[in-house]
Amino acid sequence: MTATAITRTGKHSTAYLQLPGGWFHNNAGWITGENRTLLVDTCATESRSRALLEAARGPAPGTTLTAVLTHAHGDHSHGARQVVEHGGAVHAANSAVEEIHDGPHTYPELFEYADWGSIDPPEHITPVTGPTTIELGETHAEIHPVPTRAHTDGDLVIHHPDDGVLFTGDLLFHGVTPLALHGSIGGWIEALDWVEGFDAETLVPGHGPVITSNDSVLAQQREYLRWLLDSTTEALPDFGALEERARRGWPEWHDAERHSVNLRVAHAENRRHTPDLADAIAAMLGAAGNRIPLEL
Ligand SMILES: [Zn+2]
């Protein structure tokens, strides 16, 4: 069962969590000033995005709405159309804009689910090409493109310096296995070092509970990504044995079938090959036992 939790992370900022944060149960949030509400991400289905927008707009109905999508994955971006229908503008990284316009991506070969609602992308999404300050009235937020290919090749983080909050998108997973299907594991490790440079007191991950600067979530995830690369240097690794080691090493993480895909992506990265995504997805289906049913 998923539970939605709305958590204030400061005077202006709020995290919107869909816990425990498995497949398509992403986090979002908003930062509100005197005259603008900055929405961070949307949700996977039309109805979930509508609920998010209602929650975000409730406390500040008169403000202008601007949304920033941390990356192109559908759980974070499928509600872009709803934002536009609510009179808002949508921003995303350059390559994420292209990816979103190619969608919506629902991967029916992998997931058993049909009730997405109206999730076709809106006609216009503004590309973010560099660090951008968004004035909210009395306070501001900053959009920072991630300097490396990391979780995807078009990741953004949103920083609210006054509240000491960083919305990391899927650069961080908390209690959930990270997914490296569309990214670069080496680049992701570098991006985690970059995230630490913000020195934020509060980190809102893409999935799972809010993280404080005292938590070891970031260090744990870096250790896992490093392990993926270090354990797949052989020409023909024993992926089955490695998957078992990953399940034992990080037993508390949800969606353990992702280890199979992550190990194959790491192996391709070590061999300087482009990962065979069809092969990686087939391995994940094998690890999951069947198509993955979604409860959205
Ligand atoms: Zn993602």
Calculate how steeply helix 46-57 sits against the longest principal axis of the alpha-carbon atoms of the chain, using the helix alpha-carbon long axis, and give the answer as 0 to 90 degrees to the nearest 10.
40
Between Thr168, Thr2, Thr42, whose Cα lies farthest towards the positive end of the dipole of the chain when Lys and Arg beta carbons carry +1 and Asp and Glu beta carbons carry -1, centred on the Cα centre?
Thr2
Kindly rank 279-288, 75-84, 146-155 from highest to lowest mean number of other beta carbons found within 10 Å of each residue.
75-84, 146-155, 279-288
How much of the DSSP beta bridge set in the chain is antiparallel, as a percent to the nearest 5?
60
For the chain: relative contact order, % (alpha-carbon pairs under 8 angstrom, 6 or more apart)
17
Calculate the length of the line joining the C-alpha centroid of the range 159-193 to that of the range 67-123, in whole Å.
19
Of every Cα-Cα pair in the range 201-296, the percent that sits beyond 16 Å
61
Relative to the Cα centre, what is the charge dipole magnitude of the range 3-214, using +1 at the beta carbon of each Lys and Arg, -1 at the beta carbon of each Asp and Glu, and rounding to the nearest 20 debye?
480
Convex hull volume per residue in cubic angstrom - Cα atoms of the range 34-91:
62
Report, by chain and number, residues whose modeled amide H sits under 5 Å from the one on Ala67, excluding near sequence neighbours (fewer than 5 apart, same chain).
Leu39, Ala89, Val90, His91
For the range 80-124 (alpha-carbon point model, no solvent) the Debye-based log₁₀ I(q)/I(0) at q = 0.16, 0.21, 0.22, 0.31 Å⁻¹ works out to -0.50, -0.78, -0.83, -1.15
Nonlocal amide H pairs with Thr139, under 5 Å, H built at 1.01 Å:
Glu34
How large are Rg and Dmax for the range 33-172 when only the alpha carbon atoms are used, in Å?
14.5, 47
Nearest 10, in degrees from 0 to 90: the angle of helix 277-288 to the longest Cα principal axis of the chain is 80
What Rg and what Dmax come out for the range 92-186 when only alpha-carbon atoms are used, in angstroms?
15.4, 47
In whole Å, largest first, the alpha carbons of the chain cover along the principal axes 58, 40, 34
When you take every Cα atom in the range 149-254, what is the radius of gyration, and what is Dmax, the widest Cα pair distance, in Å?
14.3, 50
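Each reported figure results from applying straightforward, stated rules to the coordinates on display, with no laboratory input. Just so it is clear, the model here is predicted, and its values are computed rather than measured. Cβ coordinates were reconstructed from backbone atoms using ideal geometry, including for glycine residues, and neighbour counts include every protein chain displayed.
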